[in-house]
Every structure is written in C-alpha cells, then in structure tokens.
1. Of A:K13/B:K568; A:K13/A:K42; A:K42/B:K647; B:K583/B:K647; B:K650/B:K712, which ones are farther than 19 Å apart at the Cα?
2. Can you give me the distance in nm between label points at A:Y113 and B:D257, each placed 7 Å from the Cα along the Cα-to-Cβ direction?
3. If eta is 1.567 mPa s and T is 4 °C, what Stokes-Einstein diffusion coefficient results for the protein assembly as shown, Kirkwood Rh from Cα pairs, in µm²/s?
4. Given a cut-off of 19 Å, what percent of all Cα-Cα pairs of chain A lie beyond it?
5. For segment B:51-120, report the translational diffusion coefficient in µm²/s to the nearest whole number, using Stokes-Einstein at 10 °C, 1.306 mPa s, and a Kirkwood Rh over Cα pairs.
6. What area, in nm² and to one decimal, does the C-alpha convex hull of segment B:306-474 cast on average over all directions?
7. For segment B:258-376, rounded, prolate or oblate, judged on the Cα gyration tensor with a ≥ b ≥ c (square roots of eigenvalues), a/c < 1.5 rounded, else prolate if a/b > b/c?
8. To the nearest 10 degrees, how steeply does helix B:26-37 sit against the main Cα axis of chain B, on a 0 to 90 scale?
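Where a number appears in this text, it was derived from the coordinates with a stated rule and is not lab data. Small disclaimer: the values here were computed from a predicted structure and weren't measured. As a convention, Cβ positions derive from the backbone with ideal geometry for all residues, glycine included, and neighbour counts pool all protein chains shown.
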Amino acid sequence: QGTRYDQERLLRKSCTLYVGNLSFYTTEEQIHELFSKSGDIKKVIMGLDKVKKTACGFCFVEYYARGDAENAMRYINGTRLDDRIIRTDWDAGFKEGRQYGRGRSGGQVRDEYRQDYDAGRGGYGKTVQ
Amino acid sequence: MSRRRHSDDSDAGQPHKRRRTSEPSEIEERLESLICRVGEKSNSSLESNLEGLAGVLEADLPNYKSKILRILCTVARLLPEKLTVYTTLVGLLNARNYNFGGEFVEAMIRQLKECLKVNMYNEAVHLVRFLSDLVNCHVIAAPSMVAMFENFVSVTQEEDVPQVRCDWYMFAFLSSLPWVGKELYEKKDAEMDRLLSQTESYLKRRQKIHVPMLQVWTADKPHPQEEYLDCLWSQIQKLKKDRWQERHILRPYLAFDSVLCEALQHNLPPFTPPPHTEDSVYPMPRVIFRMFDYTDDPEGPVMPGSHSVERFVIEENLHCIIKSHWKERKTCAAQLLSYPGNNKIPLNYHIVEVIFAELFQLPSPPHIEVMYTTLLIELCKLQPGSLPQVLAQATEMLYMRLDTMNTTCVDRFINWFSHHLSNFQFRWSWEDWSDCLTQDLEKPKPKFVREVLEKCMRLSYHQRIIDIVPASFSVLSPANPVCIYKYGDESNRSLPGYTVALCLTIAIKNKASNDEIFSILKDVPNPNQDDDDGEGFSFNPLKIEVFVQTLLHLAAKSFSHSFSALAKFHEVFKTLAESDEGKLHVLRVVYEVWKNHPQMIAVLVDKMIRTQIVDCAAVANWIFSSELAHDFTRFYIWEILHSTIRKMNKHVLKIHKELEETKARLARQHKRRDSDDDDDDDDRSTDREDGPLEEQIERLQEKVESAQSEQKNLFLVIFQRFIMLLTEHLVRCETGGIDVFTPWYKSCIERLQQIFLQHHQIIQQYMVTLENLLFTAELDHHILAVFQQFCALQA
C-alpha cells in the first residue's frame, strides 16, 4: 500500500509518458515531431525488442515541464501517428531495462498473444506464427 | 469547482479527483452539481428544471446560503455561455426571497471589483453582462444599470490613461447591449442616447495605429478585418436601428414574466471604476476574423451578416464554450455542436470560423495550437457527413488568400494543415492547387505547399510524400533528409583535413576519449594562423570543421545517436567553440552537414544551447549570417529562432524563481528567529545556514542580472540585424527604382513584427533603449512603422 501511494505520487508529478500502439517502423524523428507540438521534449526512448534490439512498437517521451506532458495527454493521445491511433499514459519514470519488451519472444506482451494480423507490428502474434 | 461531468478517456488530470483538504458535505456537492447541470440536455423542459431548482435552492437557503451565493457567483464568471439560464435562476430566487437577491447583487459587485483589481478583465466582462441581464429578470433596476454604464463611459474622459483602459470599459458597456439594450432604452432613452453619442465620439478619436499588426490578411476583400470595437459599434448601431429587436439569445426568463415582474428590484450601488495603476494590465486590442458570409453556404440557413448583433452573440458564445472546455476536446466538440439554433444558423460554418479565428489570432492564440487541430478532428468525427466539407472549403479559401496572409498566420496554417492531413492518410486534392507550380518558388502559394510537404514528411517519411503528390509537384517536394559528409568520398582526399577526418573516424569508432580526440586535432593546421587575434586561444575553423563533420556523420543514424555524441564529446565541443567565432562556425558546420534535414538542425541547435556549447546570441547571429541567406525565409529558421528566444526567457524566469524562493526561505528563517516559538525542531537546524543563504541570494542576484542582461542583448542583436537587413533592401530598391514590396520583403518585415508580437511582454521592458538606440527617427519609415504599431498596442 505504501508503494502504491508512492507510485501514484510519481505519476502525479511525472513528466514522462508511455506511448503505445506504434508501428515498428515509426522513427524517433516522427515521434519527436508529433510530441513537440505540446512542448519541448527532453528525451525520447524507443522501446526495443529484447532479443533483436529493434523497435517493437512503444516508447517513452519525457518533457521538461509537466504541463507539456499534460497537453500531450489531452491532444496527442488518441490521434494518429503513421496512420495508427496511438495511446499515451503517465509513466512513473524511465529506468534502465524498461526500454525492452517483456514478451517471451522479446517484443511486447500484447504481440505474443494477439490473433489479428497487423502489418505494422510484425504480422500475426508470436504464438500464432 | 469541478466542471468535469463526463468520464473522459483523454483525462490528463490526476488519479485523485476528490479534494484532499476539507471534504465538502454531500449536500453541498449535490447543490453544486445541480446548479452546474441546469440547462444541459434533459428529459424535462428548461423551464421546469429552473422552477424545480429554484424551489430546492430556496429551501436550502437557511442552511447553505453562503455556499449557494458562492456557486452562483462562480457560474456567472466561468460559464458565460449559460448566462441567461443563470440570470433566470437568480431572478426566480429573488422573486421568492428579496434579501437573497440583494445579497447576490452585492456579492457580484464585490467579485467584479476583485476581478478588475487583479487584471481579470475577460471574466469581468462576463460579470458585467450578467448584471445587465439581471435587469431583464427584474433583479436590478434599469436606471441603476444605466448609471453604472454612465460611470463606465466616463472613463473615456480620464486623462493620462492608456487607451486600452478606456477600450475595456467601452467594450463592457457595448457588449452588454445585445442582452439588455432594449430594456435600458425603454426605461431611459435620453440617457442611453447620450451614452451612445459619447461612445461614438470616443470611437472616432481613438487611435488605431495597432490595427495592421493584428490583421490576419492585409487585404480588405472579401471581408474587411475590422478592429473589434469598430465592428461591435456597427453591430450596436444596427441593433438600435432595428429598435433593439434581438431574436437570437435564448431568454428563459420570458417564460416566467408573470412571476418575475412581481418581484422587487434592487438598485446597483454606485460603481466607481477602480483607478488605473502601474500594475494594471488591460486586454490587448483585437481584430475580428471573418472568413465566411451567407454566400458560402447557399443551401443551408442564412449566416447572420457581419454587422448583425446575432453574429456577435453567436461568436461570443462559441468562444466561451471553447474557453470553458478546451481541456477536454471531446466535451468541447459536443458542446459546440449542441449550441442551440442549429437549424436557424449554419452552425458548422460558425464553428469553423470561430476556431480559425482563435488559431490565427495575433499576437497569440488563446490556447495551445495543437488543441485546435484535435478539436477539429473530434468535430469531424461527430459530424462526418457535413463538417469535413466545410473544413475543406475553408482550407481552399485560406489557400486562395495566401498572398495577403500574415506570415505568422501562414506558419500556423502550415502546422495545422500538415498535422490534420497526417490523421487522414494525407488525402488531399493536390491537383486543385497546380496553379502554384507556375509561380516563383518564393511566392506565398508555392512556399506554403513546400512547407506543408516538409512538415508532412516529418510526420511520416520521404518516400510517402513522393507517393502522395502528383509527379508535377516534385519541384515542391522536400529534399531527402540525408547527411552530407564532405570527407566521405575518396575523391575528396585533397581537401585539407581529410586525413585527420579519417583518423578521427577510426578513433571515435574505437571509443576514443576526449583527450585522444584533442591530440588528433592538434595536428590540424590553422588557416587563420596569419591573423593575429591577440587572444590566447585562437579560433581554428578547420579543426571545428573536421571534428564536427566527422562526429555528426558517425552519429547520423538518429537523434539519440547525435545527442549521445554531443554528450560524449562535450569537452571537445566546449573547447573548440570557446570564442564567439568558434560558436558561429560550429553552427555553420552543423548546417553544412544537415541542410537537407532541417528537423535535425533544430534539435541539434536546441541541444547545443542547453549544454552550453553555443549561446543564444550565437544562434541569432548565425541565422542572420550570409551563409543562411538562402534559407532565410524558410519556416524552420524561425522556429529555431523563436525556440531560442523562449529558452532564454525560460532560463531568466527559472533563476528568478530560484532567487525568490531563496529569499522566502531567508525571510521564514528570520521570522522564526524573531518569534519566541521553538516548537519546530527541524527548522532550527537550518538556522545555522543563514550565512550561506545570504551568500546564495547574492550569487543568485548576480545570476539573475547576468541572465537578464544576456536576454536583453539577444533581443538587441536580433533587432539590429533586422534593421541592417531591411535597410539594405530598402536602399537597394530605392536606388534601383524597384518596388520595395517583394515576397522576401513581406516575409522579412512580418518576421520582425512576429518578434515584437510573440515576445511583447519581455520587449516592453526595453522600450526606452529601443527608442533611443535602434528605432530612432532616422530609420526608414517602413521599419519605424512596425515599432510604432507595437508601441500602440498597449498605449
């Protein structure tokens, strides 16, 4: 319960967003361009496949100011990047290791089990392949 | 007060929505909720809801009077789009409880005075309008309202006050008349006539030098861009001619006339406008943005004319809705679309016009630009059969009028359009714009298309852009954003520094340290060896060239790679760029390497400023240097300059804040020492820090002064360079007998205006210096006019 309170406190002060549902082909440059519309970006950390070390469809965007991150949540969340609706969420802060997917095959968990075909995310889910 | 009524996916707020301090009782929360919700979509009629609510509140008055007063005052201030709903409610309450009505009026006057004292002028207008509508609800006696307006108008007789002060009081008076003009004129026609004639003479004599600076288009066709008071005056004159008949405003109180006219009215206490002080900051003047008229939607309901009071009320209400809901785009879109009168007015056109009015507003939009993009997308989602067509029509119209559109507004148009397209697979009928292909590339239309395509590429990738435009548009397509490495090819081996570049490449790939890099660079000859600069460390452009070219080339893969490179070899950068010429040269080399990738240049410049490899003045000088003349009118250059200025401004604010915080800590410490209280054990341990705190304050004071001086210097450099550049052009044109007004000139003079407008608060501090040093009477009148227009903004 202590850690949950701490976690919520971190989220409330955070300037970092988790960004999901990216295409594997979306570049840091594209992310930087889009998310700069709500303020100056401190850092973009691309999410990587743990095995292949290639982009696996998520990233972290850290702003200098909390207000800029809030505006990203208001106006960039739920809009399109590379023709895909992307989702943003508050993140407690990047820590080394969190840039890797946690799925068994190295990518994100959601790409392990999904049944649909998604050309921007490696085709079928890993278990289907 | 929480106005959040819908659970929202795009909620940016905190996980906890309940207040943590005193938990309000359930009944108070319920009252707040009932009052906020009245007027929203409901199964019952508005009248029966109001009647019911009035009954509930009347019953709760004995126990919750102050809370109810507070909530009603707040909705009057913050929900102006529901003005008449709440004035009716207050009217009903007054009819049932005369004393409550009186207390409410007193509370409103107190709130009005408070708002004026703290420069909350926009909200004060809503309060004035609310009070005036209370006349219609028989809460306030008409003569006392007229008396208040007489005091407002008499502000125009004050001496030595800024025009913007008189403007506000005039606006507060005129903008209430659509609601209450009829009633006031019926009761006090002589007084009203006098007020209106005083208004007319004020409007005739007030100066309007500032207007050109605030206009979105420089042309008056098809719609004149009117100054806001002039437009409002025309609307009120027309209203008077129509015998004050106003049919657009929803007036729920009409249904309760029999009840309300039995009520006793209150007299407003005499209201003296608070005097002008040094701290008073009045709203800036505005120009009314118009892009549509009744000819643009021939099938639908007729759009009210530009001088009709209906147009004013609709626009006011739509702006108020955006102001209330801008943080929640889905709610905002829904609220805009449920504006009453949907079948009598072409609502989609009004909404699009109001949104673009805000997006293009000068000096700045009321809200962050990206909000408008996503708001329009939400509106398209809610009205897929109609709104996208209106938006396409608007885009076409804006494109057609690019030749006379203010450069700053074109910037915003570019950003909006490219971002919008990226949400709709970049689908657009580009062939419709083929006319721009035959024009000089520097003309506004082809320039606009080029910049849009460049921005579209940043949101996608190069090949995508090649694919989405017709082949004929290739001349406008952006360059492939690849790095240019001058030492890359064997054929370049005769270039000075080539071998060192090879050496460096290998060293860096082998994870060389800064020291190793220094020793490799030691062997680079200095082409400036013969120039005696007298300084200890001489500037060696070749060293800089070889190092920066090689490093940026090796790190070209992504922004992250480049940032790591800057960080790893920070020491080398700092040393090479120690002098002013060094800084300038670093920037030049960055440009040479990355001129195909403006986005990369921008992020590198940003990083180099933040890590103090270059300073803001160096960036300003680089932008105005001859090497960049070719790119001078490109959008990315001005993004870089304004971003640089913003960083400088934020830096000054940050240190200032640190200084204030440290001063406050010292003050608290002194207070603790002076008081006899010793129950704060923790704080006592910090008492010993007094000396260090004072030292800290002294250091911070110096830091603030040095930062402010750097900030002022930055602006002076920028203005100086503008003046030089523009004067050169003007002299050349005059001696050559050519027309001054080339596309380059228009762009440059508007960029100068943009500096003034975007950073007006800071620049106000330098007025004396600017007047005496730079914008003197000897200056060409074209350039001086910009300065004079700026001075007129807050005069």
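1. Long pairs (Cα-Cα over 19 Å): A:K13/B:K568.
2. The modelled label-to-label distance comes out at 6.7 nm.
3. Numbers: Rh = 31.6 Å.
For these conditions, the coefficient is 41 µm²/s.
4. 49 percent
5. Details: Rh = 12.5 Å.
After rounding, the answer is 127 µm²/s.
6. The directionally averaged projection comes out at 10.4 nm².
7. Oblate is the answer for segment B:258-376, as a/c is 1.5 or above yet b/c matches or exceeds a/b.
8. For helix B:26-37, the angle is close to 80 degrees.
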